[in-house]
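Contents: one structure, followed by commentary.
The values are calculated or read from the model by the stated rules, or taken from the named source; none is laboratory data. As the structure is a prediction and not an experimental result, all values here were calculated from the model. Every residue, glycine among them, receives a Cβ derived from its backbone with ideal geometry; neighbour counts consider all protein chains shown. What goes into the accessible areas is simple: the full protein's heavy atoms, side chains included, and nothing from ligands, DNA or RNA. Shrake-Rupley method; radii C 1.70, N 1.55, O 1.52, S 1.80 Å.
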Amino acid sequence: IILTPTGYKAGTLYNVAPIDEPYEDFDFARTSTATRINSSGLVSNVATGVPRINYDSNGENGHILLEPTSTNLVTYSEDLKDGYSTNNSSVDLNDAVSPDGTTTANKFNSTATGSSISKAHANSSALFHTVSIFLKKGTIDIVTLSVTGGSPAISASTTVNLTSGTITASSGNGSITPTITNYGNDWYRITASSTSNGNVANPTISIVNSSTTASGYFYMWGLQFEGLSYATSYIPTLTGSTETR
């Protein structure tokens, strides 16, 4: 089978080989909207049933994006203010341009070292759990993302340097490797993953200023928590409900 997806529409990926009829185009179905990285390097929405051609952050290496079903258990994935507990910090909404090109990024304002925000999210019965978020440096560039709690308990954290684009520390991930991915314009998506023995009730996700800078800020957007051992493409949750791709 040779597939060169140079053309597509809702429900179809056109196959240019073989050249003789019948062309044997591939049927395609997806029962929800989804996101991809477009040729401009931005996170963009794709309509129900339309195949996704995904690109690198520099707009190169277009390829078909196929993923398993997954649910973002975080509600209001782009509003990281309401309902969150704060520790020596505050959050300003819609303060900077986010990875999708809109002014929807959150600004995390710190007033002390170790400042943080946190919130318990929906239960998950999966054997693996991954939390992910897009981060961009401001005057603070060392940030930790973690997911903890539940019964049985899970615990995973990833600390990154947003200037060098590197992971500086991680814990609780077992054999699952944390990641940091460059999305351009100083935005990085980071992950932290953990295993469990069953249902995890109301795990707490935290975002922490791990630098020695007491007063400062950084940016965050697109928080996601899913029952897989890795992060899939961003699933927006713009209302009070979880969303499934």
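Details
- In the range 172-195, the residues that are modelled with pLDDT of 80 or more, open to solvent by less than 60 Å² (accessible area, probe 1.4 Å) and not β-branched (Val, Ile, Thr): 178, 183, 184, 187, 188, 189, 192, 193, 194
- Residue within the range 156-171 that is on the phi > 0 side of the Ramachandran plot, at pLDDT below 95 and of a type outside the set (A, V, I, L, M) present: no
- Going through (1) of a type in the set (Gly, Ala, Ser); (2) modelled with pLDDT of 95 or more; (3) closer than 13 Å to residue 136 by Cα one by one, residue 206 falls short only on (3).
- Hits in the range 79-138 (condition: closer than 28 Å to residue 57 by Cα, open to solvent by 40 Å² or more (accessible area, probe 1.4 Å), without any contact (Cβ under 8 Å) to a residue 40 or more places away in the chain and assigned to a strand (DSSP E or B)): 92, 93, 94
- Candidates in the range 1-21 are the residues that are part of a loop (DSSP other than H, G, I, E, B), of a type outside the set (Ser, Thr, Tyr) and open to solvent by 90 Å² or more (accessible area, probe 1.4 Å); of these, the one that is modelled with the lowest pLDDT is 1.
- Any chance residue 212 is open to solvent by less than 10 Å² (accessible area, probe 1.4 Å), part of a loop (DSSP other than H, G, I, E, B) and either in contact with a strand residue (DSSP E or B) (Cβ under 7 Å, 6 or more places away or on another chain) or not basic (Lys, Arg) (or both): no
- Boolean, residue 33 is modelled with pLDDT of 95 or more, β-branched (Val, Ile, Thr), touching a strand residue (DSSP E or B) at 6+ places or on another chain (Cβ under 7 Å) and open to solvent by 30 Å² or more (accessible area, probe 1.4 Å): yes
- Boolean, residue 66 is over 30 Å from residue 138 (Cα atoms), in a strand (DSSP E or B) and either in contact with a strand residue (DSSP E or B) (Cβ under 6 Å, 6 or more places away or on another chain) or free of Cβ contacts under 8 Å to residues at least 40 places away in the same chain (or both): no
- Every condition in (1) surrounded by fewer than 22 Cβ atoms within 10 Å (Cβ to Cβ); (2) at pLDDT 95 or above is met by residue 198 except one, and the failing one is (2).
- Considering (1) among the β-branched types (Val, Ile, Thr); (2) at pLDDT below 95; (3) in contact with a Lys or Arg (Cβ under 8 Å, 6 or more places away or on another chain); (4) open to solvent by 20 Å² or more (accessible area, probe 1.4 Å), the lone condition that residue 53 does not fulfil carries the number (4).
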